[in-house]
Amino acid sequence: MKLNLLTATLLLLFLNLSFAQNDVKIQGKVLEQDTNIPLEYATVVVKSKSDNKIITGGITDPKGKFEVEVAPGRYEISVEYISYQTKTFPEQNITKDTNLGTINLALDVSTLNEVMVVAEKTTVEIKLDKKVYNIGKDLTTAGGTVSDALNNVPSVTVDVEGAISLRGNENVRILINGKPSAMAGFGDSNILSQLPAEAIERVEVITSPSARYDAEGTAGILNIILRQKETLGFNGSVTLTAGNPDNLGVSAALNYRTENYNLFSNFGWRYFDSPRNTFTDVNYYDTLEDDGSFSDPEYRRIVETKEVERLNRNYNANIGMEYFLDETSSITGSLFYNFGNDADTSLNFSDRYNNGSIVENTLRREKETEEDNRYQVALNYVKRFGEDSDHKLTADFQFETETEDGYTYLNEDYVFTNQTNPEPFQIEQEFTKEKNHEYLVQADYVLPLGEDSRFEAGYRGNFKNSNTDYQLDQENLTTGELEINEGISNIFDYTENINAVYTQYGSKIGKFSYLLGLRLENTQLKGTIDSELTDEELNDQYDFPIDTDFNNNYLGLFPTVNLIYNLNTSESGNEESITLGYNRRINRPRGWYINPFPSRSSRTNIFQGNPNLDPAFSSTFDLGYLKRWEKFTLTTSVYYQHETDSFERVQENTGQQTTDGIDIIRTIPINLSTNKRTGTELGLMYTPAKWLRLNSSFNFFQFETEGEFNGTDYGSKNTSWFARFSSKVTLPLAIDWQTSAFYRGARQDAQSDIEGIFSLDLAFSKEILKKKATISVNVRDLLNSRKYKALTTTDFYDSYSEFQWRQRQINVSFIYRFNQLTNNKDRKGQRGNSGDDMEFEG
């Protein structure tokens, strides 16, 4: 008979009364037979031989170890784990302390069609350097994307443009299964909006990363762990999705596992229309000239309304195989491929006013197509030494490549104008071809030292290159021919090479655990700009010095300190712990932040990179507290971050005008001197009954920037906050109802006041076909209120803007599962994790 966790727990509570009388110990360690993965919560049962009655029992710890006490005598000992074959020791004469050694359990194939336990709860685990959120069944993201799922993780927000923030800081590093990946994009998180949310097993929020991790990301790291099936035989799931606005998709996760190898795959296709709209209202002031006089702007006020239809079609596939070379080593190879084909059409209506009266109206049309091909080849080798599965060597190699071909057609016409003979607008065409390549070479060695200590060391090399070939064709108004604009067309080649070595040591002393690490990184940032313009012409055109051939090296030490003290841990599930962390991090500028050639999506508002950007460095302190009761979990922390040379995007008048006399406003990133951020966060999880589960989190932070650029002081100090709440209720007929609400408070930066944002999601779900399938309906942004609203004020204009990246979305999803077995408790050491699970948990 298989004993489930509840049965085993009740058994232990009953038998604990007699432990004090036992004076002989039985010990051992339980591992999965094929992988040597420790099996936590395996049940050990001891029966007397004389009357076949249960005498005592126990449960294995996270390392698979157990220890029970009995009176001397003859016993039958069995070790059980749900869906695994029971291991029995029928004749045991226990007269002294006995160690049964390593006990290997094999999967029971006969139970595959009988047992299906699906992860239900969203739980949190506190470790030395991270919080682990097991996603569970989040109904509001069914049929959604990875970005949707991340937006429901405490401390994480995904804004209306798809940018991911951690504790309000956008400089967050995204990893897939512990490593940088093409699945997370080449510095662009938009691909996460193309991958299905169902692919996520859990999300690790790493606000105090250990030395094992790349030092990139001053906010910290989000490590997305994808689902992998551990069940023998063929199993998988298929998901169908339909929604409005147009959202059609199908995805499949298929797995075939034997004792010698594991084949895994994920396939997906998605077609969706994601309409967005923008509104801006700009009022211009008189401009002070160098001679002390004031000049009037051509127009006092310009109102723009932009409507965009975005048709997106993408395909993705991930195929891999893990082969077990022997009982102690395995090699895994995988291939990821993604193809995207986008077609955007936008209409931009512009009304221009003088003295309160409209004097001109124009319509700007923009058609954009883009094809995106990317793939990744990855190899992983694991070698374990001896009986301790924690003693291991891992080696990784990854190669990623991406090509993007973009074409944009821009045309603007007068709807009406007061001008007598207005100068016509130029037709423009943009051609962009971008190639990205990235190599990753990594080796990590882990050496356990005794029962509670561990030493690690490793190397990581990350080598990236991006080549952007940009060509702008503009109409010759005299001949009507399109001609290349040599002053703007350019080729920008950018390389980022990072070499790093690290070492760290962790240990546990009673209730106190610590992890100390040091990482040495050398960063090389180099680039060349190929343009028809000379360096002097470039400097004159862009108002700041431009180095067309730069090569910068930065050598840095990045220490980490993570401490945890367990105030209380009991078998009933009650826990209490305090954590303290310190780390130093780096924020490296990306290629599009450095490329000085301006964007052309608007004639009057452009974005321009700054090749003079230096990396930013930060130091962060984090103090956390966890208290867990049987039905209630409380997590809270306070943190302080001090960042030097932080990036800030500022707006300024270029001094240039369009052909019809409109000032051209430039947005440019700069290094401000310092950025100080102080904050606190609170998380609550409460399950008062089986039919009700409540989850909420709250983040409050204050940030202060100091610095100036081109004689203007951009220093500011502001506070902001965000909160989310979700509830899940089981209705009659076993229908699940989930509600999720999110609010981000108003905030400020150097030039803008940004209003708060509220959104509400609803979802309903029902399991059918003997619980092999699930049908769900969800509405994201029910009130259609997820809009960015801001007021920007400068010396020469003020601007009010509204932006909605995605309108209200309604989805219907159908998920069918076959031969699936998912344990409702994460197994420690599971393949595909970050590889950094120090077992000193709170």
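The values are calculated or read from the model by the stated rules, or taken from the named source; none is laboratory data. No experiment lies behind these values; they were computed from the predicted model shown. Note that each Cβ is placed from the backbone with ideal geometry, even for glycine, and that neighbours are counted across all protein chains shown.
Enumerate the pairs (first residue in segment 405-425 and modelled with pLDDT under 90; second residue anywhere and among the aliphatic types (A, V, I, L, M) and part of a loop (DSSP other than H, G, I, E, B)) with beta-carbon separation below 7 Å, excluding pairs fewer than 6 apart on the same chain, so at least 6 apart or on different chains.
Hits for this filter: Pro424/Leu477.
Can Asn380 be described as surrounded by 14 or more Cβ atoms within 10 Å (Cβ to Cβ), closer than 27 Å to Glu259 by Cα and within 33 Å of the chain's Cα centre (by Cα)?
yes
Would you mind telling me which numbered condition in (1) under 30 Å from Ser646 (Cβ atoms); (2) modelled with pLDDT under 85; (3) surrounded by fewer than 16 Cβ atoms within 10 Å (Cβ to Cβ) Thr719 fails?
Looking at each condition in turn, Thr719 falls short on (2).
Taking Ser785 as the residue in question, decide whether it is in the same structural domain as Gly707 (by TED's automatic domain parsing) and within 25 Å of the chain's Cα centre (by Cα).
In short, yes.
Condition first: part of a strand (DSSP E or B), over 30 Å from Gly101 (Cβ atoms) and free of Cβ contacts under 8 Å to residues at least 60 places away in the same chain. Can you find one or more residues in segment 441-448 that meet it?
Just the residues of segment 441-448 that are part of a strand (DSSP E or B), to begin with: 441-448.
Now narrow it down to the ones that are over 30 Å from Gly101 (Cβ atoms): 441-443.
Still in the running and free of Cβ contacts under 8 Å to residues at least 60 places away in the same chain: 441, 443.
The answer is yes; a qualifying residue exists.
Does Leu520 satisfy the criteria of being farther than 30 Å from Asn568 by Cα and surrounded by fewer than 14 Cβ atoms within 10 Å (Cβ to Cβ)? Outline the logic, then answer.
Details: farther than 30 Å from Asn568 by Cα: yes; surrounded by fewer than 14 Cβ atoms within 10 Å (Cβ to Cβ): no.
Criteria not met by Leu520.
Working carefully through the options Glu576, Glu630, find the one that is surrounded by fewer than 17 Cβ atoms within 10 Å (Cβ to Cβ), more than 26 Å from Glu438 (Cβ to Cβ) and acidic (Asp, Glu).
Checking each option against the conditions leaves just Glu630.
Modelled with pLDDT under 90 and either on the phi < 0 side of the Ramachandran plot or within 24 Å of the chain's Cα centre (by Cα) (or both): is that true of Ile586 in this structure?
In short, no.
Exactly one condition in (1) under 36 Å from the mean Cα position of the chain (by Cα); (2) under 30 Å from Ser799 (Cα atoms); (3) modelled with pLDDT under 90 is false for Ser346; which is it?
(3)
Of all residues being assigned to a loop (DSSP other than H, G, I, E, B) and either outside the structural domain of Leu31 (by TED's automatic domain parsing) or acidic (Asp, Glu) (or both) in segment 44-103, which is farthest from Glu451 (Cα to Cα)? Just the residue, please.
Per the stated criteria, the residue is Asp51.
Matching residues to (1) of a type in the set (Asp, Glu); (2) under 28 Å from Tyr439 (Cα atoms); (3) touching a Lys or Arg at 6+ places or on another chain (Cβ under 7 Å):
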site	(1), (2), (3)
Glu370	yes, yes, no
Ala378	no, yes, no
Val382	no, yes, yes
Gly406	no, yes, no
Asn411	no, no, yes
Asn418	no, no, no
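Any idea which of Val359, Val382 is modelled with pLDDT of 90 or more and closer than 23 Å to Phe416 by Cβ?
On inspection, the qualifying residue turns out to be Val359.
Looking at (1) surrounded by 15 or more Cβ atoms within 10 Å (Cβ to Cβ); (2) over 22 Å from the mean Cα position of the chain (by Cα); (3) of a type in the set (A, V, I, L, M, F, W, C), which is the one condition that is false for Phe463?
Unmet condition: (2).
Scan segment 746-764 residue by residue and report those that are modelled with pLDDT under 90 and assigned to a loop (DSSP other than H, G, I, E, B).
Ala746, Asp749, Ala750, Gln751
Suppose we filter Ala746, Ala723 for residues that are over 16 Å from Gln651 (Cβ atoms), touching a residue at least 12 places away in the same chain (Cβ under 8 Å) and out of contact with any Gly (no Cβ under 6 Å at 6 or more places or on another chain); which single one remains?
Ala723
Out of segment 471-522, which residues are closer than 30 Å to Tyr439 by Cβ and of a type in the set (Phe, Trp, Tyr)?
Phe492, Tyr494, Tyr502, Tyr505
Taking the criterion of being in a loop (DSSP other than H, G, I, E, B) and modelled with pLDDT of 80 or more, would at least one residue in segment 665-688 satisfy it?
Checked segment 665-688: no residue is in a loop (DSSP other than H, G, I, E, B) and modelled with pLDDT of 80 or more.
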